[in-house]
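First the structure, in the form of structure tokens, and then the observations on it.
No value in this document is a laboratory result; all are computed from the given coordinates. Remember, predicted model here, so these are calculated numbers, not experimental data. No Cβ is skipped: glycine too gets one built from the backbone with ideal geometry, and neighbour counts run over all protein chains shown.
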């Protein structure tokens, strides 16, 4: 019985040490909004006609990839952000400006205010009149 207990204890110790010695690579993934550095679009559009904005953004690192454009309307004000995913632990700084588009369309005439989210929660403001 004593040999059995010693054998079990030795096996358990070996398994524990093996798991401590495993070298798993860290997982470095995240997501978030990146700064918009430019936004250009029309000043007027017709009802039910798309207003297409060209949006410039920077990922800030070579580990980032574009995910999508997100818009949050609040009455006649729309906040627009660019979402990105980041994969990798050893990333290099990158200030390249990439472009995407954002399309807005309304069935209601009026003046619409856009806030494109920039660096440090600043905004690039634009206005579109829907006639």
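Worth a mention:
- As a proxy for reagent exposure, 57, 123 were ordered by neighbouring Cβ count within 10 angstrom, fewest first; the result is 123, 57.
- With neighbours defined as other Cβ atoms within 10 Å of a residue's Cβ, the residues 91, 28 order from fewest to most as 28, 91.
- Between residue 90 and residue 28, the simple spin-label model (points 7 angstrom out along Cα→Cβ) gives 0.9 nm.
- Residues 53, 86, sorted so that the one with the fewest Cβ neighbours within 10 Å comes first: 86, 53
- Kirkwood-based shape ratio for segment 29-130, expressed as Rg/Rh from alpha carbons: 1.03
- Rounded, prolate or oblate (a/c below 1.5 giving rounded, otherwise prolate when a/b exceeds b/c) for segment 79-131 by Cα gyration tensor: prolate
- Segment 44-83: C-alpha gyration tensor shape, a/c 1.5 cut-off, then a/b vs b/c: prolate
- Normalised contact order of segment 29-130, rounded percent, pairs of Cα under 8 Å and 6 or more residues apart: 36 percent
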